[in-house]
Amino acid sequence: MMIKVEKIMSMLQTEYVGREIHYFQKVTSTNAIAKEEAKKNAKAGTVIIADTQTRGHGRLNRKWISPKGGVWLSIILKPTIAAEETPIITLATSTAVANTIHRLHTLKTEVKWPNDVLVNGRKICGILTESSIEGENIKFIIVGVGINANFNLDVLPTDLRSTTTSLKQLLRENVDLERLICVFLKEFEEHYELFKKRRFDALRDEWRGMAGFLGKNVEVMSFRETFMGKALDIDENGALIVELENGERRRLLSGDLTVRE
Ligand code: BTN
């Protein structure tokens with residue numbers, strides 16, 4: 001057992017996020033378990049945590065490698081919101097992770113659209129938000145968070161090593177995983193409360209303050225095409241606005257960015 005739920009419970013300062021935790025040593029994917037639990041009427045704020053995932057997944061149908069020592073967790077939420085507002089939850093989650101890592105370990109963290117947290121330009125955390133929609137209504141939202149914590153990059157496939165980092169790689173020691181989880185869940189709850197109060201501007205402003213790629217030239221890979229442009233801003237729904245060389249602007253709801261400066 002790597003992660004100790006009792007220790008989390010003894011330190012947790014939230015009101016409802018993580019007040020119920022389902023812990024597993026090994027799962028397929030915490031997001032998959034969270035979906036099952038959400039359908040079985042799990043309370044909002046319930047968290048699924050695993051030491052390792054055999055079929056962790058990322059955005060755009062990518063595989064997410066989840067070795068022991070990482071923080072792999074999913075939060076079940078049941079907000080009454082419109083589907084187009086969900087990207088703001090993902091932005092708020094990246095801000096919460098970036099704040100957590102910065103506060104606990106004094107590392108300079110950045111966020112990158114749509115869902116990454118970076119240290120030294122390398123990915124330290126990925127977020128996968130999945131929602132279940134019935135008609136116009138959202139039944140539940142699962143926010144899956146993967147933080148590369150207590151493992152070195154040599155346990156990852158070689159092609160990932162140049163773009164990824166981990167807390168252990170950066171700090172040369174293991175961090176307290178339970179403390180990391182507690183601080184993150186508290187940060188998350190605070191941001192989610194702002195979201196529920198529809199303080200989208202405040203959430204967006206905080207995220208922007210950590211978005212080092214804004215104003216830079218980026219290569220955008222969307223599902224249709226790849227193009228170069230300047231990352232201008234995100235709009236009120238979390239969509240990225242990119243300006244092409246000819247001045248034309250594009251609004252992106254999903255895709256991948258590489259900074260080219
Ligand atoms: C991405 O960067 O593409 C998102 C990665 C999200 C990974 C986390 S780990 C916990 C949760 N369970 C999953 O299968 N994925 C998310």
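The values are calculated or read from the model by the stated rules, or taken from the named source; none is laboratory data. Worth saying up front: this structure is predicted, and the values here are computed from it rather than measured. Here Cβ is always computed from backbone atoms with ideal geometry, including for glycine, and neighbour counts include all displayed protein chains. The accessibility values were calculated without ligands, DNA or RNA, using every heavy atom of the protein model including side chains. Shrake-Rupley method; radii C 1.70, N 1.55, O 1.52, S 1.80 Å.
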(message) Out of the residues in the stretch 210-257 meeting the condition of being among the polar types (S, T, N, Q) and more than 20 Å from the chain's Cα centre (by Cα), tell me which one is surrounded by the fewest Cβ atoms within 10 Å (Cβ to Cβ).
(response) 246
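When you scan the stretch 145-219 for helices (runs of 4 or more DSSP H) that lie fully inside it, which ones turn up with 3 or more residues that are out of contact with any helix residue (DSSP H, G or I) (no Cβ under 7 Å at 6 or more places or on another chain)?
Passing ranges, in order: 158-161, 177-196, 200-209.
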(message) If I filter the stretch 165-187 for residues that are under 17 Å from the mean Cα position of the chain (by Cα), over 19 Å from residue 66 (Cβ atoms) and charged (D, E, K, R), do I get at least one hit?
(response) yes
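Count, please, the residues in the stretch 105-125 that happen to be in a strand (DSSP E or B), open to solvent by less than 10 Å² (accessible area, probe 1.4 Å) and either among the polar types (S, T, N, Q) or under 14 Å from residue 90 (Cα atoms) (or both).
Step one: of the stretch 105-125, the residues in a strand (DSSP E or B) are 109-112, 116-119, 122-125.
Filter once more, keeping what is open to solvent by less than 10 Å² (accessible area, probe 1.4 Å): 111, 117, 119, 124-125.
Keeping just the survivors that are either among the polar types (S, T, N, Q) or under 14 Å from residue 90 (Cα atoms) (or both) gives 111, 117, 125.
So the answer is 3.
Among the listed residues 189, 206, identify the single one that is surrounded by 16 or more Cβ atoms within 10 Å (Cβ to Cβ) and touching an Asp or Glu at 6+ places or on another chain (Cβ under 7 Å).
On the way: 206 fails: touching an Asp or Glu at 6+ places or on another chain (Cβ under 7 Å).
Criteria check complete, one pass: 189.
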(message) Test of understanding: among 89, 49, 76, 101, which residue is out of contact with any Lys or Arg (no Cβ under 8 Å at 6 or more places or on another chain), open to solvent by less than 30 Å² (accessible area, probe 1.4 Å) and farther than 24 Å from residue 170 by Cβ?
(response) 89
(request) Sort through 7, 35 and tell me the only one that's within 16 Å of the ligand (Cβ to nearest atom) and basic (Lys, Arg). (result) 35
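Would you confirm, using the coordinates I've provided, whether residue 100 is within 16 Å of the ligand (Cβ to nearest atom), modelled with pLDDT of 95 or more, closer than 19 Å to residue 68 by Cβ and not aromatic (Phe, Trp, Tyr)? Even if it seems obvious, please write down each step before you answer.
Working: within 16 Å of the ligand (Cβ to nearest atom): yes; modelled with pLDDT of 95 or more: yes; closer than 19 Å to residue 68 by Cβ: no; not aromatic (Phe, Trp, Tyr): yes.
Against the criterion (within 16 Å of the ligand (Cβ to nearest atom), modelled with pLDDT of 95 or more, closer than 19 Å to residue 68 by Cβ and not aromatic (Phe, Trp, Tyr)), residue 100 does not qualify.
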(message) When you scan the stretch 164-173, do you find a residue that is of a type in the set (A, V, I, L, M, F, W, C), open to solvent by 20 Å² or more (accessible area, probe 1.4 Å), without any contact (Cβ under 8 Å) to a residue 40 or more places away in the chain and on the phi < 0 side of the Ramachandran plot, even just one?
(response) no
(message) Exactly one of these conditions fails for residue 40: (1) touching a strand residue (DSSP E or B) at 6+ places or on another chain (Cβ under 9 Å); (2) among the basic types (Lys, Arg); (3) more than 11 Å from the ligand (Cβ to nearest atom). Give me its number.
(response) (1)
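Residue by residue through the stretch 18-32, note down the ones that are crowded, with 21+ Cβ neighbours inside 10 Å and within 8 Å of the ligand (Cβ to nearest atom).
Across the stretch 18-32, the qualifying residues are 29, 30, 31.
So which of 43, 35 is open to solvent by 20 Å² or more (accessible area, probe 1.4 Å), on the phi < 0 side of the Ramachandran plot and in contact (Cβ under 8 Å) with a residue 60 or more places away in the chain?
On the way: 43 fails: in contact (Cβ under 8 Å) with a residue 60 or more places away in the chain.
Matching residue, one of 43, 35: 35.
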(message) Looking at the stretch 222-250 only, could you name the residues that are within 17 Å of residue 87 (Cβ to Cβ), in contact (Cβ under 8 Å) with a residue 12 or more places away in the chain and not in a loop (DSSP other than H, G, I, E, B)?
(response) 231, 232, 233, 234, 240, 242, 250
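Restricted to the stretch 43-68, and to residues that are within 23 Å of residue 191 (Cα to Cα) and not basic (Lys, Arg), which residue is nearest to the ligand (Cβ to nearest atom)? Steps first, please.
Quick first cut of the stretch 43-68, residues within 23 Å of residue 191 (Cα to Cα) only: 43-49, 58-59.
Add one more test, that the residue is not basic (Lys, Arg), and what stays is 44-49, 58.
Values: 44: 18, 45: 16, 46: 14, 47: 11, 48: 8, 49: 9, 58: 3 Å.
Taking the candidates together, the pick is 58.
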